[in-house]
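Worksheet for the structure shown next.
Throughout, read-outs are computed from the coordinates displayed, never taken from laboratory work. Because the structure is a prediction, the values reported are computed rather than measured. We place every Cβ from the backbone using ideal geometry, glycine too, and count neighbours over all the protein chains shown.
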Amino acid sequence: MNKIAIIINSCEKFQKKTIPIIINSSKKAKIPSHNIYIVVGDSDKETNIITKNDYNIIFCKYTNIDYNAAIYFTQTSEGLNEIQKYTHFFYIHDTA
């Protein structure tokens, strides 16, 4: 059976504006919130995966605007372990 994660690339400057819109759209589409991962780059802090209101958020210092989430899920042990839970993922930028 397929299990899909939604991975959203974001940045510190815009995440407070874009994340609520994405979460609301996801709920309307009946996407399970616990399958949603938002990676906020260009942050002052680095965190592991934080579950917040049923979705997952990660803060990192990477400043690569299009690939913060890709870097996190391929270059950190926690990201690599987490992505193994899924058979597929949908990767999108928060401005899409």
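So what is the relative contact order for the stretch 1-43, in percent, with contacts set as C-alpha pairs under 8 Å and at least six apart?
Working: 39 pairs, mean separation 27.3, N = 43.
Contact order relative to length: 63 percent.
Figure the gain on full extension for residue 95 and residue 45 (residue separation times 0.36 nm, minus the Cα-Cα span) and round it to one decimal in nm. Numbers along the way, then the final one.
Numbers: separation 50, 0.36 × 50 = 18.00 nm, distance 2.20 nm.
Here the answer is 15.8 nm.
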The alpha-carbon center of the stretch 19-59 and that of the stretch 79-93 are separated, in whole Å, by 13 Å
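Using alpha-carbon pairs under 8 Å, 6+ residues apart, how would you state the relative contact order of the stretch 46-96 in percent?
Details: 27 pairs, mean separation 11.4, N = 51.
With pairs under 8 Å counted, the relative contact order is 22 percent.
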Computed over the Cα atoms of the chain, what is the ratio Rg over Rh, Rh following Kirkwood? 0.93
In terms of the charge dipole of the stretch 33-96, which places +1 on Lys and Arg and -1 on Asp and Glu at the beta carbon, the residue among 86, 53, 72 farthest towards the positive end is 86
For the cross-link pairs 28/52; 30/52; 16/85; 16/61, which exceed 20 Å when the distance is taken from alpha carbon to alpha carbon? 16/85
